[in-house]
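Single-structure report; data block below.
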Amino acid sequence: MSEVERKHWDHRYRTEGARSNEPAAFLLEVAPRIPPRSRVLDVGGGNGRNAIWLARHGHDVTIADVSAEGLTLARSAAASAGVSVATNRMDFDIDPMPPGPWDVIVDFHFIKRHLFPTFRKVIRPGGFLIFCRATTRNLERNDRPPRPFLLAEGEGWDLLDDFELVIAREGWSLEGRHEFEALARVPDQPAGSDSE
Ligand SMILES: C[S@@+](CC[C@H](N)C(=O)[O-])C[C@H]1O[C@@H](n2cnc3c(N)ncnc32)[C@H](O)[C@@H]1O
């Protein structure tokens with residue numbers, strides 16, 4: 001599956017380039033909650049539209065993605081913007097999660113359900129997961145993404161069961177996509193939990 005995805009995305013980035021360099025509207029909405037100079041991991045970050053915006057706003061950002069072509073676009077866009085982002089070509093189906101602790105993980109339009117318990121472990125207590133993914137209702141108005149890459153309605157809440165939900169909602173966006181969006185916080189450690 002991953003090799004198929006890698007070829008698909010490499011081909012798409014090579015032939016179409018970046019579809020958008022604009023950060024996601026939901027990222028802009030929640031950005032004021034991100035502490036200054038956060039260490040951020042953008043999973044499946046592709047051509048870096050969100051990562052570069054975060055780097056321009058003072059964060060220390062790493063993009064992890066299976067597509068070398070997408071990461072090349074991201075490095076080039078970062079250089080044009082005069083910022084630096086780290087890039088990590090990796091396959092989340094096979095490779096271990098880049099070690100934390102991360103202050104924030106950003107996950108836009110990339111769904112690997114098995115990663116959510118790991119997100120919870122590598123984000124520091126009090127840190128955030130910012131997540132956005134289309135649901136199956138999106139197919140009522142859009143052909144893509146295809147069903148295997150969509151959340152079932154209500155599934156977002158289940159995936160984030162171990163987080164504190166600051167924002168969690170599902171509905172039609174202004175751009176006409178039916179999406180689940182969440183700002184999820186890793187609970188603080190109870191006092192004394194790190195002592196024997
Ligand atoms: C729909 S794009 C989203 C890109 C970016 N998050 C955004 O919102 O613009 C999905 C991204 O996931 C990456 N991807 C797909 N399968 C992957 C895997 N197994 N491991 C790492 N990245 C993967 C693709 O290369 C692609 O860049």
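Residues of the stretch 123-178 being over 20 Å from LEU41 (Cα atoms), in contact (Cβ under 8 Å) with a residue 60 or more places away in the chain and in a strand (DSSP E or B), which ones?
Selection gives nothing.
For the condition surrounded by 15 or more Cβ atoms within 10 Å (Cβ to Cβ), of a type outside the set (Lys, Arg), modelled with pLDDT of 95 or more and more than 12 Å from the ligand (Cβ to nearest atom), what is the one hit in VAL85, VAL66, VAL106?
Values: VAL66 fails: more than 12 Å from the ligand (Cβ to nearest atom); VAL106 fails: more than 12 Å from the ligand (Cβ to nearest atom).
Answer to the selection: VAL85.
Residues are listed down the side, and each one gets a yes or a no for (1) surrounded by fewer than 16 Cβ atoms within 10 Å (Cβ to Cβ); (2) more than 21 Å from ALA168 (Cα to Cα); (3) within 12 Å of the ligand (Cβ to nearest atom):
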| residue | (1), (2), (3) |
| --- | --- |
| PHE92 | no, yes, yes |
| PHE110 | no, no, yes |
| LEU115 | no, no, yes |
| PHE119 | no, no, no |
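Would you confirm whether or not the stretch 124-134 contains a residue that is modelled with pLDDT of 95 or more, within 16 Å of the ligand (Cβ to nearest atom) and in contact with a Gly (Cβ under 8 Å, 6 or more places away or on another chain)?
The answer is yes, given that some residue of the stretch 124-134 is modelled with pLDDT of 95 or more, within 16 Å of the ligand (Cβ to nearest atom) and in contact with a Gly (Cβ under 8 Å, 6 or more places away or on another chain).
What tally of residues in the stretch 64-75 results from selecting those that are in a strand (DSSP E or B) and small (Gly, Ala, Ser)? So that I can check it myself, show each step before the final result.
The initial filter retains those residues of the stretch 64-75 that are in a strand (DSSP E or B), namely 64-65.
Going one step further and asking which of them are small (Gly, Ala, Ser), we end up with 64.
Residues flagged as in a strand (DSSP E or B) and small (Gly, Ala, Ser) within the stretch 64-75 amount to 1.
Scan the stretch 89-100 and tell me whether some residue there is over 15 Å from the mean Cα position of the chain (by Cα), among the β-branched types (Val, Ile, Thr) and farther than 26 Å from TRP9 by Cα.
There is no residue in the stretch 89-100 that is over 15 Å from the mean Cα position of the chain (by Cα), among the β-branched types (Val, Ile, Thr) and farther than 26 Å from TRP9 by Cα.
Among the residues of the stretch 179-196, what is the count of those that are in a loop (DSSP other than H, G, I, E, B) and surrounded by 11 or more Cβ atoms within 10 Å (Cβ to Cβ)?
Initially, the stretch 179-196 is screened for residues in a loop (DSSP other than H, G, I, E, B), giving 186-196.
Applying the additional criterion that residues be surrounded by 11 or more Cβ atoms within 10 Å (Cβ to Cβ) yields 186-189.
So the count comes out to 4.
For residues that are under 21 Å from ALA184 (Cβ atoms) and either among the aliphatic types (A, V, I, L, M) or touching a Ser or Thr at 6+ places or on another chain (Cβ under 8 Å) (or both), scanning just the stretch 8-27, find the one that is farthest from the ligand (Cβ to nearest atom). Show your work before the answer.
Taking the stretch 8-27 as the starting set, the residues that turn out to be under 21 Å from ALA184 (Cβ atoms) are 23-27.
From what is left, the residues that are either among the aliphatic types (A, V, I, L, M) or touching a Ser or Thr at 6+ places or on another chain (Cβ under 8 Å) (or both) are 24-25, 27.
On the way: ALA24: 6, ALA25: 11, LEU27: 9 Å.
Residue satisfying both the conditions and the ranking: ALA25.
Being part of a loop (DSSP other than H, G, I, E, B) and within 7 Å of the ligand (Cβ to nearest atom) is the filter; apply it to the stretch 28-63 and report the residue that is surrounded by the fewest Cβ atoms within 10 Å (Cβ to Cβ). First the steps, then the outcome.
Initial filter on the stretch 28-63 (part of a loop (DSSP other than H, G, I, E, B)): 34-38, 44-48, 57-59.
Applying the additional criterion that residues be within 7 Å of the ligand (Cβ to nearest atom) yields 44-47.
Details: GLY44: 21, GLY45: 30, GLY46: 26, ASN47: 26.
Within the stretch 28-63, the match that is surrounded by the fewest Cβ atoms within 10 Å (Cβ to Cβ) is GLY44.
Output the number of the condition that GLU5 fails; it satisfies all remaining conditions of (1) modelled with pLDDT of 95 or more; (2) within 9 Å of the ligand (Cβ to nearest atom); (3) charged (D, E, K, R).
Every condition holds for GLU5 apart from (1).
Quick one: which of PHE92, PHE116 is part of a loop (DSSP other than H, G, I, E, B) and not hydroxyl-bearing (Ser, Thr, Tyr)? Spell out the reasoning first.
Working: PHE116 fails: part of a loop (DSSP other than H, G, I, E, B).
After ruling out the rest, the residue left standing is PHE92.
The values are calculated or read from the model by the stated rules, or taken from the named source; none is laboratory data. What you are looking at is a predicted structure, and each value in this text was computed from that prediction instead of being measured. Neighbour counts run over all protein chains shown; Cβ positions are idealised from the backbone, glycine included.
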